[in-house]
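Step one of this worksheet: look at the structure below.
The values are calculated or read from the model by the stated rules, or taken from the named source; none is laboratory data. None of these values were measured; they are calculated from a predicted model. Here Cβ is always computed from backbone atoms with ideal geometry, including for glycine, and neighbour counts include all displayed protein chains.
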Amino acid sequence: MGQFTPTPHDPDARGHFGPWGGRFVPEALIAAVDELAAEYDKARIDPEFVNEFKRLLRDFAGRPSLLTEAPKFAEHAGTRVWLKREDLNHTGSHKINNVLGQALLTKRMGKKRVIAETGAGQHGVATATACALLGLDCVVYMGEVDTERQALNVARMRLLGAEVIPVKSGSRTLKDAINEALRDWVTNVDETHYLLGTAAGPHPFPLLVRDFHRVIGIEAREQILEKAGRLPDAVVACVGGGSNAIGIFHGFIDDADVRLVGVEPGGSGLDSGSHGATLTAGTPGSLHGAMSYVMQDEDGQITEAHSISAGLDYPGVGPEHSHLKDIGRAEYFPVTDAEAMEAFALLSRTEGIIPAIESSHALAGALKLGPSLGPDGLLVVNLSGRGDKDMDTAVKYFGLADGGQA
Amino acid sequence: MSTLSDVFAAAKAESRAALIGYLPAGFPTVAGSKDHLRSMVESGCDLVEVGLPFSDPVMDGPTIQAAAEQARSAGFRVRDLFDVVASVTAAGGRAVVMTYWNPVLRYGVDAFARDLAAAGGLGIITPDLVPDEAEDWMAASEAHGLDRTFLVAPSSTEDRIEMTARASSGFLYATAVMGVTGARDVVSSAAPALVARVREHTTLPIGVGLGVRSGAQAAEIAGFADGVIVGSAFVSAVAEGDAAVRALAADLAQGVRSGVAATV
């Protein structure tokens, strides 16, 4: 099955996954999302587009990414663990898959300007990279809080020629960056493509972002069959908006015996109220253009998410995850900041791989899940990004500058 | 009982456009918003749009964003909205609600319609709900006798204008510019063209909003539209006090009466 082959899991023509998804956007944007959907429908069956995308993934992003066994980390999980190494992609995370796809679509639509939101900066850096490569103007909206947490990524984006605009409204994090990007888009939609970074937003974004990331799951399935001789018992990925998770899940979605496990940011713990576990603790609502689970109060005001990981700090989630949760095909649970940081240190020390704090949530999930599978069990963990960008956080968290030891 | 069509018919009988003023409920406080809305009614607003302050107002510029934040930090709750609408009704005014859709979903679409109708509200303007996703709202508005104002934009295709007009009642909201709310110096050149396109599809009254702040601009829009919608300028006037709110409403009311023939 090819990366762009339609599946029985595609949304309906109006973008609904069961009751989720759709288009809750101003009328002014409908023409743009219609244009995007029509362009994607043509592109996904156009060999020229598909081949150009594959060429960029191979020759620019460095795909296929490796599948690495992590035996010493696995001793702590009590089961066998393989890592899908999205951290080894150019720009250091899975995000490059989606931005290359959408940047190619932007060119097909004849648009010259790209806007994007970013939380941790991974998507912003990836977008700035794709725009530099393909000669597109790039503006990245980033919550002011996040520009401070991720100053190095701000510098990277600027070096790549992008304009980074700190967003000072609301909670000054990812959700507000998305609000500001939507405001820009509605104002400049004629010449601008909004390169959304996760599998959320109005149709067709959840569909096309998923499809650009399906390569993760397709590769992982082939690799684990070749290396381990069988399918895994579970595939584990972190879920903020949910793009890396939906990408790897789709490689295994028709393998009924493979559990699909999404790990959410539990922050200081669900009881503290300070977390971002939208699927575990949220309720149905519309945010940023789609129906999905959201974190909201009893008045329908969106509440702020909290996570040590800027990339998971989001009070919404992609609509397909809401659907997979409801139909029971995927399961979701949270891990705390502390559990994620413990896994961050553990993988670094045992395997010589410094993971992103986002991905460390998936690793912490694997540590929880492993014992129930036993030594013959097999997990594939999506290592969605590398941790270089998180060193400031790690230095503070572990006191590394003062001789501390993680 | 007044209906939205009566509001526009009465203005048309005077050969003028209707003046529609927006203010968020709870801004700067719940009591304050009631006072200012009463002043807007008394000073010439034929209809007021009562906004529901929302955490993520993607269609709003900085002025209304800040007002919504202020209302929420002053303790605004959704139940206060109905109270504010009832106060407009009691003051002899006519009110519709303008709200992002999530608070309505959370309240329950039918319950929201029921409580709004009970407060004397005439309908809802839905900036981020298009007719394609409005099945529940169609049913609830029918059940409780409320009007549905959907938006059309310069980017809307003819098919979408046709579909949106058919789903609407009371009046249609034409966004004059591609962009978010906020006062602007110049009336968009896209507005007359959009209104002319919309009239090919419907006899519903058409209100034009986004960027209007002066009597002169109101007069210009009254020359081709049935309603002139003013939001951010009222929000800004609140900061200068109630006299400024009254003066703005009076200036705009003068403007809609000096439009170049409101009959197109």
### Query
Looking at region A:352-382, which of its residues are charged (D, E, K, R) and surrounded by 19 or more Cβ atoms within 10 Å (Cβ to Cβ)?
A:E358
### Message
Condition (residue is part of a strand (DSSP E or B) and surrounded by 24 or more Cβ atoms within 10 Å (Cβ to Cβ)) applied to region A:179-193: is it met by at least one residue?
### Response
yes
### Message
Would you confirm, using the coordinates I've provided, whether A:S307 is buried (at least 24 other Cβ atoms within 10 Å of the Cβ) and within 26 Å of B:R79 (Cβ to Cβ)?
### Response
no
### Task
Could you tell me whether region B:169-192 includes any residue that is of a type in the set (D, E), within 14 Å of chain A (Cβ to nearest Cβ) and surrounded by fewer than 21 Cβ atoms within 10 Å (Cβ to Cβ)?
no
### Residue list for region B:114-148, filter: touching a Gly at 6+ places or on another chain (Cβ under 6 Å) and either touching a residue at least 40 places away in the same chain (Cβ under 8 Å) or within 12 Å of chain A (Cβ to nearest Cβ) (or both)
B:G123, B:E133, B:D147
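Each row is one residue, and each column tells you yes or no for (1) away from every other protein chain (no Cβ under 14 Å); (2) among the β-branched types (V, I, T); (3) farther than 16 Å from B:Y100 by Cβ; (4) over 16 Å from the mean Cα position of the chain (by Cα).
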site	(1), (2), (3), (4)
B:E14	yes, no, yes, yes
B:A17	yes, no, yes, no
B:P24	no, no, no, no
B:S39	yes, no, yes, yes
B:S43	yes, no, yes, yes
B:D46	yes, no, yes, no
B:V58	no, yes, no, yes
B:E69	no, no, no, yes
#### Entry: Every residue from region A:1-26 that is out of contact with any Asp or Glu (no Cβ under 8 Å at 6 or more places or on another chain), within 12 Å of chain B (Cβ to nearest Cβ) and either crowded, with 21+ Cβ neighbours inside 10 Å or of a type in the set (S, T, Y) (or both)
A:G15
#### Entry: Answer residue from region B:19-43, given it is assigned to a loop (DSSP other than H, G, I, E, B) and out of contact with any Leu (no Cβ under 6 Å at 6 or more places or on another chain) and is surrounded by the most Cβ atoms within 10 Å (Cβ to Cβ) among those
B:G26
### Query
If B:Q65 passes every condition in (1) modelled with pLDDT of 95 or more; (2) part of a helix (DSSP H, G or I) but one, which one does it miss?
(1)
## Note on the structure
Those residues of region A:283-327 which are closer than 19 Å to A:G267 by Cβ, charged (D, E, K, R) and within 14 Å of chain B (Cβ to nearest Cβ) amount to A:D297, A:E304
### Query
Which number in (1) surrounded by fewer than 21 Cβ atoms within 10 Å (Cβ to Cβ); (2) more than 13 Å from chain A (Cβ to nearest Cβ); (3) among the β-branched types (V, I, T) marks the one condition that B:T157 misses?
(2)
### Message
Could you tell me how many of the residues in region B:104-121 are within 21 Å of B:E133 (Cβ to Cβ) and either of a type in the set (D, E) or surrounded by fewer than 24 Cβ atoms within 10 Å (Cβ to Cβ) (or both)?
### Response
8
### Task
Please state which one of A:L36, A:L29 is more than 19 Å from A:L104 (Cβ to Cβ), surrounded by 15 or more Cβ atoms within 10 Å (Cβ to Cβ) and touching a helix residue (DSSP H, G or I) at 6+ places or on another chain (Cβ under 9 Å).
A:L29
## Note on the structure
Apart from one, (1) part of a loop (DSSP other than H, G, I, E, B); (2) in contact (Cβ under 8 Å) with a residue 24 or more places away in the chain all hold for A:E298; the odd one out is (2)
### Message
I need the full set of residues from region A:183-230 which are of a type in the set (S, T, Y) and under 19 Å from the mean Cα position of the chain (by Cα), in order please.
### Response
A:Y194, A:T198
### Query
For region B:202-264, which helices (runs of 4 or more DSSP H) that fit wholly inside it have 1 or more residues that are more than 21 Å from B:L52 (Cβ to Cβ) and in contact with a strand residue (DSSP E or B) (Cβ under 8 Å, 6 or more places away or on another chain)?
B:215-222, B:242-257
## Note on the structure
Considering region A:259-269, residues that are more than 18 Å from A:A199 (Cβ to Cβ) and either touching a Pro at 6+ places or on another chain (Cβ under 6 Å) or crowded, with 24+ Cβ neighbours inside 10 Å (or both), and then whichever is farthest from the other protein chains (Cβ to nearest Cβ), we arrive at A:G266
### Message
Go through region A:90-110 and report how many residues are more than 20 Å from A:D211 (Cβ to Cβ) and either of a type in the set (F, W, Y) or touching a residue at least 60 places away in the same chain (Cβ under 8 Å) (or both).
### Response
1
### Task
Of the conditions (1) in a helix (DSSP H, G or I); (2) in contact (Cβ under 8 Å) with a residue 24 or more places away in the chain; (3) surrounded by fewer than 24 Cβ atoms within 10 Å (Cβ to Cβ); (4) more than 14 Å from chain A (Cβ to nearest Cβ), B:V84 clears all except one; give me its number.
(3)
### Query
Across region B:145-174, what is the number of residues that are touching a strand residue (DSSP E or B) at 6+ places or on another chain (Cβ under 8 Å) and either of a type in the set (S, T, N, Q) or in a helix (DSSP H, G or I) (or both)?
8
### Query
Can we say B:G92 is crowded, with 24+ Cβ neighbours inside 10 Å and in contact (Cβ under 8 Å) with a residue 24 or more places away in the chain?
no
### Query
Looking at region B:108-137, which of its residues are in contact with a Lys or Arg (Cβ under 7 Å, 6 or more places away or on another chain) and farther than 20 Å from A:G300 by Cα?
B:L122, B:D132
### Task
Please work out if A:K168 is over 29 Å from A:A31 (Cβ atoms) and within 12 Å of another protein chain (Cβ to nearest Cβ).
yes
### Message
Going residue by residue through region A:142-152, is there one that turns out to be within 14 Å of chain B (Cβ to nearest Cβ), closer than 26 Å to B:G179 by Cα and buried (at least 24 other Cβ atoms within 10 Å of the Cβ)?
### Response
yes
